[in-house]
Amino acid sequence: MTANRVLLINSNREVNPNPVLPIGMAYVASSLAKNKFTVACADLCFKANWRRYLKDRLNGFKPDFIGLSIRNIDNHDQSKPQLYLDFVKEVICFCQKISPAKIFCGGAALAVMPTRILDYLNLDTGIFGDGEETTPLLLRSGLKDLTLPGLAYKKNEKIYSNPALGIKDLNSIPHHELARWIDIKPYFRQEASYPVQAKRGCPFDCLYCTYPRGEGKGYRFRKTSEIIGEIIDVQEKYHPKTIEFVDSIFNHPPGFAEEICRQLIARKSRANLHTIELNPLYLTDELIGLMEKAGFISCGITCESASEIILKNFKKNYGAADVRQAAGRLKKSAMKKLWIFLFGGPGEDANTVEETLKFTREELGENDVIFFNIGVRIYPGTGIEAIARRAGVIKPETDLLFPTFYVSPLISRSEIEAKIKNEKNDRIVTIKDIRLPYLASLLKLSSLLGLKGPYWSYTPIFNKIRKNLWPG
């Protein structure tokens, strides 16, 4: 009998600030189904007793293969780091006790350091990059074809990896059909957005980023008509509070986002849309106007800094003037805005921190929300790794699998925290805030009150409630 029963497991249980729907796993599930595999998914995100749930799924489905989907390596929080891979190891060990199925792993995390993750999880096979084509081929071979692209594998007690080759035509793969594979209602109850991916790839070379490893440097686009059809279909069937574009950059290349907006307007879409990846350099008055007419209620600008020195050191393709110009244009927009900054990069000092803080005080709209994070996560092969090694921040033996961060030697983390605290601005939120225990209760309350998303737009209210009920 041919081994063709596959159970895919979503191992991501992080719900702060919001849970994330596993579209990557769903894309692979749909691709496997198209290739005549019998597929089921197990979503561990909201399972209080995940062992009982998974045991029932394993015994009931009896898979030949088990695939672990791994979204993130860790929580990117220097103040309270958490390695998610330890939970993944626990799930793998549990599956091995219950089922004789062959186990492999995949997901966005694997692309960052495939051989090290495979070694840490003590698995023989993992898939990184686009998994829709590789996974069916690998499983059809019984995990024996080690020549496939985007494959990490163990052979003779050594671990190797083959370069990933992105799928050239994204329109050739089946749609992910999320609701076919998992129950999406619990996600919506916790303010999750429905994710839409319009393209894959990122052509930029930011100092710290690993995005191109998973999706490649060149863009690959879905047909605009397919994107619009998905949005309208999802809105009519499931009525999510928000639908979010999750591309690496929404407004690049110029013209692509504008065309999506025009078609949404023409189709009279009634969805509440959101994106958190706007590049300041390509943010025009025309695009802002089109976004508003198309149904965008909110947007995020991940500019990282308002200091020319830091932006140059981060290898951004825009400067401080572009950030200020974007702020001026967005001031006229009714969209809710989230500005995202990362302190501590190379060259950061008291002056550059003050440049960014001054920008948030003087240039942003009175209702704009500001997110500050401190410390740059160091991943192997990135520019920030090279700088950290030259500076002696990390040693040759440092294992970057475990959360390791760079903070400029010109200013300490505590000094940056003090400067942020001195701002006394209710519109500021930090990574510490989104991990506080009361946040879940506030989000549930906002949902019961019928407040429209996104959750961060209510940061001023949340902060005032926090100060009154949870001082300090």
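The values are calculated or read from the model by the stated rules, or taken from the named source; none is laboratory data. Just so you know, these numbers come straight off a predicted model, no measurement behind them. Cβ sites come from the backbone with ideal geometry, for glycine too, and all protein chains shown count toward neighbours.
Some observations on this one:
- Considering residues of the stretch 101-134 that are assigned to a loop (DSSP other than H, G, I, E, B) and among the aliphatic types (A, V, I, L, M) only, the residue farthest from the chain's Cα centre (by Cα): 101
- Taking the stretch 1-47 as the range and being modelled with pLDDT under 95, of a type in the set (A, V, I, L, M, F, W, C) and over 18 Å from the mean Cα position of the chain (by Cα) as the test, the residues that pass are 1, 3.
- Test: residue in the stretch 242-256 that is in a helix (DSSP H, G or I) and either under 26 Å from residue 129 (Cβ atoms) or β-branched (Val, Ile, Thr) (or both): yes
- Verdict on residue 69 being farther than 28 Å from residue 401 by Cα and surrounded by 21 or more Cβ atoms within 10 Å (Cβ to Cβ): no
- Complete set of residues in the stretch 205-226 that are in contact with a Phe, Trp or Tyr (Cβ under 9 Å, 6 or more places away or on another chain), assigned to a helix (DSSP H, G or I) and modelled with pLDDT of 95 or more: 224
- Residue within the stretch 84-92 that is at pLDDT below 95 and surrounded by 19 or more Cβ atoms within 10 Å (Cβ to Cβ) present: no
- Residues within the stretch 177-201 that are under 30 Å from residue 255 (Cβ atoms) and assigned to a helix (DSSP H, G or I), tallied: 1
- Listing of helices (runs of 4 or more DSSP H) fully contained in the stretch 327-431 that carry 1 or more residues being under 24 Å from residue 212 (Cβ atoms): 383-390
- All positions within the stretch 27-40 that are closer than 21 Å to residue 185 by Cα, surrounded by fewer than 23 Cβ atoms within 10 Å (Cβ to Cβ) and among the hydrophobic types (A, V, I, L, M, F, W, C): 40
- Here the condition is being within 17 Å of residue 31 (Cα to Cα), at pLDDT below 95 and surrounded by fewer than 20 Cβ atoms within 10 Å (Cβ to Cβ); of 137, 148, 165, it holds for 165 alone.
- If you go through the stretch 266-312 and keep only what is outside any loop (DSSP other than H, G, I, E, B), under 23 Å from residue 240 (Cβ atoms) and of a type in the set (Lys, Arg), you end up with just 293.
- Matching option when the condition is within 17 Å of residue 359 (Cα to Cα) and surrounded by fewer than 17 Cβ atoms within 10 Å (Cβ to Cβ), among 286, 308, 304: 308
- In the stretch 1-28, the residues that are touching a strand residue (DSSP E or B) at 6+ places or on another chain (Cβ under 8 Å) and closer than 17 Å to residue 143 by Cα: 3, 4, 5, 6, 7, 8, 28
- When residue 386 is tested against (1) surrounded by fewer than 21 Cβ atoms within 10 Å (Cβ to Cβ); (2) aliphatic (A, V, I, L, M); (3) in contact with a helix residue (DSSP H, G or I) (Cβ under 6 Å, 6 or more places away or on another chain), just one condition goes unmet, and that condition is (3).
- Counted residues, the stretch 151-166 - those being assigned to a loop (DSSP other than H, G, I, E, B) and either more than 20 Å from the chain's Cα centre (by Cα) or of a type in the set (Asp, Glu) (or both): 5
- Restricting attention to the stretch 135-148, the residues that are assigned to a loop (DSSP other than H, G, I, E, B), of a type in the set (Ser, Thr, Tyr) and under 26 Å from residue 89 (Cβ atoms) total 1.
- The stretch 7-19 residues that are among the hydroxyl-bearing types (Ser, Thr, Tyr), paired with ones that are not in a loop (DSSP other than H, G, I, E, B) (beta carbon under 7 Å, 6 or more apart): 11/68; 11/69; 11/87; 11/88; 11/91
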